[in-house]
Amino acid sequence: MLASETSNLLKKHNIRLNRRKGQNYLINNQILSRIIENAQLTDSDVVLEIGAGIGTLTIPLAENADKVVAVEQDKQIARVLRERLHDLEISNVEVLEKDATQMDFPYFNKVVSNLPYQISSPITFKLLQHDFDFAILMYQLEFAQRMVAQPGDSNYSRLSVMMHLCTQTELLFKVPRKAFIPPPRISSAVIKLTPHKNPDVDDFFVKTCRALFQHKKKKSGKALLQSFHEISDQKLDRSIIRDLISQVDNKLIEERAFKLKPEEILVISRELKKAMETPPDLK
C-alpha cells in the first residue's frame, strides 16, 4: 500500500514533512492511478515533474514515459529519490535539485505534478511561457476553482482570465485531504491544462488585467484610474489618466471588473493601449 510505503520511507530516512514548504505526499493509490491514466503517457513523452518528493509520481511516470525531469528543491528528499531510483534500476529520470520558479526548464512535452501549493501561481504562469502538449496538475481546490471561474463568480480573478484566454482548462476531479500525509488544510483538485498561444495577450494586457482586478468590485473605469501605476510608470496627471480611460468603450468601463468577460478585457486593453500611443494632451 502506498500509505504504508510512504510512512516507512519517511521514518527510515528521518524525514519530517513541512506543510509550509508544500510537502504533502499523496498516499492514495486510486488517486495516483487516475493521475497517471489522465496523463496518457507514451514511450516518446518527456515529462516535467515539479516537486517530485520521494518519487510517488516519479516512479510510475518513469515506467510509462521515455524520460522524466524531476525537480525537487529539498536536498535530503532529492537524495532519497535518487536512492530509490537506483535501487529500482530506473535510469530514465533526471533529478534536478533546483527552485522550479527560478530555473530554466529543459525540454518537456507534458507536465505531471503534485505541485507545492505555495508556488502554484508563479509556476502556472511560468509554464504558459512554454510550448507543451498538456499538463495534469494537482492544486488546492480553491486555486483550481479560481482557474475555471466564470465572470461574475466570487472567485473570478486575473488567473481565471489568463486561463480562459491562454489555455483550455478542465477540473478533472477533487481530492480529499485524507489522500495526503500530512493532510493539507483544505481539499485539492486535479486540473488538465492544455495551452494555446494567444497573440493578443501581451505585456500591456497583463498589466491592464492586474490593474482591473486590484479593485475588481469597482467599475472598470474607476479600477483603472486607481491602479494606473500598474499600467504605466509615467507620472501622469490624474486628469490625463481620466481622459485616456474615457477613450475606452463606455459600456465596458461602466461594468464592474469582476463581471467583465475575458474578451471584453482584451477590448479594454487594446483601446487603452491605442489611446496611450496617441494621447492628445501629451502631443
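Brief remarks on what is shown
- Per-residue Cβ neighbour rank within 10 angstrom, fewest leading, 103, 162: 103, 162
- Point-charge dipole on Cβ atoms (K/R +1, D/E -1) for segment 47-169, about Cα centre, debye to 20: 320 debye
- Remark: for residue pairs 21/192; 98/126; 98/192; 192/273, the C-alpha separation exceeds 27 Å in 192/273.
- Of the trypsin sites (Lys or Arg not before Pro) in segment 87-162, the ones in a loop by DSSP (not H, G, I, E or B) with at most 16 other beta carbons within 10 Å are 98.
- Across the chain, the mean sequence separation of Cα contacts (distance under 8 Å, 6 or more residues apart), normalised by length, yields a relative contact order of 15 percent.
- Its relative contact order, with pairs defined as Cα atoms under 8 Å and 6+ residues apart, puts segment 203-282 at 36 percent.
- Range of Cα positions in the chain per principal axis (Å), largest first: 71, 33, 31
- Farthest toward the positive end of the dipole of segment 2-195, out of 62, 164, 181, is the Cα of 181, where the dipole comes from beta carbon charges about the Cα centre.
- Ranked for footprinting exposure by Cβ neighbours inside 10 Å, fewest first, 42, 101, 124 give 42, 101, 124.
- For 45, 87, the sequence from fewest to most other C-beta atoms within 10 Å is 87, 45.
- Karplus (6.51, -1.76, 1.60) ³J(HN,Hα), θ = phi - 60°, over segment 155-161, in Hz, Gly and Pro reported as x: 9, 5, 8, 4, 4, 4, 5
- Fraction of C-alpha pairs exceeding 18 angstrom in segment 203-282: 29 percent, rounded to a whole number.
- Kirkwood-Stokes translational diffusion coefficient of segment 32-150, alpha-carbon pairs, 25 °C, 0.890 mPa s, µm²/s: 169 µm²/s
- Nearby aspartates and glutamates by direct alpha-carbon distance to residue 222 (threshold 14 angstrom, same-chain neighbours under 8 apart not counted): 230, 243, 249, 254, 255
- When the Cα positions of 234, 215, 248 are compared along the charge dipole of segment 203-282, 215 comes out farthest toward the positive end, with charges on each C-beta of Lys, Arg, Asp and Glu.
- Segment 165-199 and segment 144-161: distance between their alpha carbon centers, rounded to Å: 13 Å
- Projecting the Cα atoms of 47, 118, 266 onto the charge dipole of the chain (Cβ charges, centred on the Cα centre) puts 118 farthest toward the positive pole.
- Point-charge dipole on Cβ atoms (K/R +1, D/E -1) for the chain, about Cα centre, debye to 20: 1460 debye
- Cα centre as origin, Lys/Arg/Asp/Glu Cβ charges: segment 120-236 dipole, Debye: 620 debye
- Loop-resident sites, segment 1-66, for trypsin sites (Lys or Arg not before Pro), counting at most 10 other Cβ within 10 Å (DSSP): 16
Coordinate-derived values only; no laboratory data. Every value quoted in this text rests on a predicted model; they were computed, and no experiment measured them. Heads up, the Cβs are rebuilt from the backbone with ideal geometry, glycines too, and the neighbour counts pull from every protein chain shown.
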